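K.L.:
If you scroll down you'll find the structure; I have some questions about it.
The values are calculated or read from the model by the stated rules, or taken from the named source; none is laboratory data. The model shown is predicted, which means the values in this text are computed figures rather than measured ones. Cβ sites come from the backbone with ideal geometry, for glycine too, and all protein chains shown count toward neighbours. Heavy atoms of the whole protein, side chains included, go into the accessibility calculation; ligands, DNA and RNA do not. Shrake-Rupley method; radii C 1.70, N 1.55, O 1.52, S 1.80 Å.
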Amino acid sequence: METKEVRGAKVLLPSEDETPVSSWPFGTPLEGEKVSNTEFRGVDLSSHRWEQVELSRLVFADSRMMGLTMEDVTLSDVLFQGCQFDYATLNRLRAKGSVAFVNCRFREAIFTGGDLGSTVFDDCSLSGVEFDSVKMAGTDIRECEVSGIIGVSSLKGAHVAPSQLPELFDAFAKDLGLKVSEI
């Protein structure tokens, strides 16, 4: 079994004998299903809806997930690489195993509730992302663009880089409604 390591997260990949798939074999909404052991390349999941879905041993590469709605989705050994999650709504996601987002874009995406502890975001654009009551202790966002994040209190316990602190402070001040004035 092959794994891919991303910043310490070891994602178990689909079986080597599985051929990558370039079209999504399910309709929308996708409810109460288990999807596993597949690599999806270049699939368009824009405006799809997933509810109570379990995703395991999956790779999504270069896929469009713009406007995707995920509710009560469980992720275990899932790698998203080069995917666009612009305007996605991600409610109550649970990372139960290694999960990595590599070079993904999340313009104006909304994460609500859920637990992304130990998830890795590597070289992702999180600009303008809203986090609301998300558990992110252990989540690594050190190599990400973080300007304009909303809901920085969800980042409690997350790994950040010193270079991100000015942008995160600006987001924190905005979240608290601080009025910064000269003396």
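K.L.:
What about Asp140, is it in contact with a Lys or Arg (Cβ under 8 Å, 6 or more places away or on another chain), among the charged types (D, E, K, R) and open to solvent by less than 20 Å² (accessible area, probe 1.4 Å)? Steps first, answer last, please.
P.N.:
Details: in contact with a Lys or Arg (Cβ under 8 Å, 6 or more places away or on another chain): yes; among the charged types (D, E, K, R): yes; open to solvent by less than 20 Å² (accessible area, probe 1.4 Å): yes.
Taking the combined requirement at face value, the residue satisfies it.
K.L.:
Also: Taking the condition of being among the aromatic types (Phe, Trp, Tyr) and not in a strand (DSSP E or B), how many residues in the range 21-45 meet it? Full working, then the answer.
P.N.:
So in the range 21-45, the residues among the aromatic types (Phe, Trp, Tyr) come out as 24, 26, 40.
Next, from what is left, pick out any that are not in a strand (DSSP E or B): 24, 26.
Of the residues in the range 21-45, 2 are among the aromatic types (Phe, Trp, Tyr) and not in a strand (DSSP E or B).
K.L.:
Being in contact (Cβ under 8 Å) with a residue 60 or more places away in the chain and farther than 25 Å from Ser36 by Cα narrows it down to one residue among Arg107, Arg142; which is it?
P.N.:
Values: Arg107 fails: in contact (Cβ under 8 Å) with a residue 60 or more places away in the chain.
Step by step, each of Arg107, Arg142 is checked, and only Arg142 is in contact (Cβ under 8 Å) with a residue 60 or more places away in the chain and farther than 25 Å from Ser36 by Cα.
K.L.:
Restrict the check to the range 159-179 and report whether at least one residue is assigned to a loop (DSSP other than H, G, I, E, B), open to solvent by 60 Å² or more (accessible area, probe 1.4 Å), hydrophobic (A, V, I, L, M, F, W, C) and farther than 22 Å from Ala100 by Cα.
P.N.:
Initial filter on the range 159-179 (assigned to a loop (DSSP other than H, G, I, E, B)): 160-161, 177-179.
This time we only want the ones that are open to solvent by 60 Å² or more (accessible area, probe 1.4 Å), so: 178-179.
Filter again for hydrophobic (A, V, I, L, M, F, W, C), leaving 178.
Next cut, farther than 22 Å from Ala100 by Cα only: 178.
So far as the range 159-179 goes, yes, one or more of its residues are assigned to a loop (DSSP other than H, G, I, E, B), open to solvent by 60 Å² or more (accessible area, probe 1.4 Å), hydrophobic (A, V, I, L, M, F, W, C) and farther than 22 Å from Ala100 by Cα.
K.L.:
Tell me, yes or no, whether the range 139-158 has at least one residue that is of a type in the set (A, V, I, L, M), in contact with a Ser or Thr (Cβ under 6 Å, 6 or more places away or on another chain) and either in a loop (DSSP other than H, G, I, E, B) or closer than 25 Å to Asp62 by Cβ (or both). Explain how you work it out, then say what you get.
P.N.:
As a first pass, look at the range 139-158 and keep what is of a type in the set (A, V, I, L, M): 141, 146, 149-150, 152, 155, 158.
Now narrow it down to the ones that are in contact with a Ser or Thr (Cβ under 6 Å, 6 or more places away or on another chain): 158.
In the following step, the residues that additionally are either in a loop (DSSP other than H, G, I, E, B) or closer than 25 Å to Asp62 by Cβ (or both) were identified as 158.
Yes, the range 139-158 contains at least one residue that is of a type in the set (A, V, I, L, M), in contact with a Ser or Thr (Cβ under 6 Å, 6 or more places away or on another chain) and either in a loop (DSSP other than H, G, I, E, B) or closer than 25 Å to Asp62 by Cβ (or both).
K.L.:
Which one is farthest from the chain's Cα centre (by Cα), of the residues in the range 2-15 that are closer than 13 Å to Ser56 by Cβ and either β-branched (Val, Ile, Thr) or not in a strand (DSSP E or B) (or both)? Give the derivation first.
P.N.:
Kept after step one, since they are closer than 13 Å to Ser56 by Cβ, are these residues of the range 2-15: 11-15.
Subset that is either β-branched (Val, Ile, Thr) or not in a strand (DSSP E or B) (or both): 11, 13-15.
On the way: Val11: 14, Leu13: 17, Pro14: 19, Ser15: 23 Å.
Selected residue: Ser15.
K.L.:
Right, another one. Report whether or not Ser98 is polar (S, T, N, Q) and out of contact with any Lys or Arg (no Cβ under 8 Å at 6 or more places or on another chain). Step through it out loud before you land on a result.
P.N.:
Values: polar (S, T, N, Q): yes; out of contact with any Lys or Arg (no Cβ under 8 Å at 6 or more places or on another chain): no.
When the stated conditions are applied, Ser98 does not pass them.
K.L.:
Quick test of your reading of the structure: Glu18 fulfils all but one of (1) outside any strand (DSSP E or B); (2) surrounded by 16 or more Cβ atoms within 10 Å (Cβ to Cβ). Name the failing condition by number.
P.N.:
Of the numbered conditions (1) outside any strand (DSSP E or B); (2) surrounded by 16 or more Cβ atoms within 10 Å (Cβ to Cβ), the odd one out for Glu18 is (2).
K.L.:
Sticking with this one: For Arg57, state whether it is open to solvent by 30 Å² or more (accessible area, probe 1.4 Å) and outside any strand (DSSP E or B).
P.N.:
On the way: open to solvent by 30 Å² or more (accessible area, probe 1.4 Å): yes; outside any strand (DSSP E or B): no.
So Arg57 does not fit the description; no.
K.L.:
Here is a follow-up. Taking strands (runs of 3 or more DSSP E) that fall entirely within the range 61-137, which contain at least 2 residues that are under 26 Å from Val21 (Cα atoms), open to solvent by less than 10 Å² (accessible area, probe 1.4 Å) and out of contact with any Gly (no Cβ under 9 Å at 6 or more places or on another chain)?
P.N.:
The strands (runs of 3 or more DSSP E) meeting that bar are 74-81, 99-102.
K.L.:
I'd like to know if the range 82-90 contains one or more residues that are farther than 22 Å from Arg41 by Cα and free of Cβ contacts under 8 Å to residues at least 24 places away in the same chain.
P.N.:
Filtering the range 82-90 down to residues farther than 22 Å from Arg41 by Cα leaves none.
There is no residue in the range 82-90 that is farther than 22 Å from Arg41 by Cα and free of Cβ contacts under 8 Å to residues at least 24 places away in the same chain.
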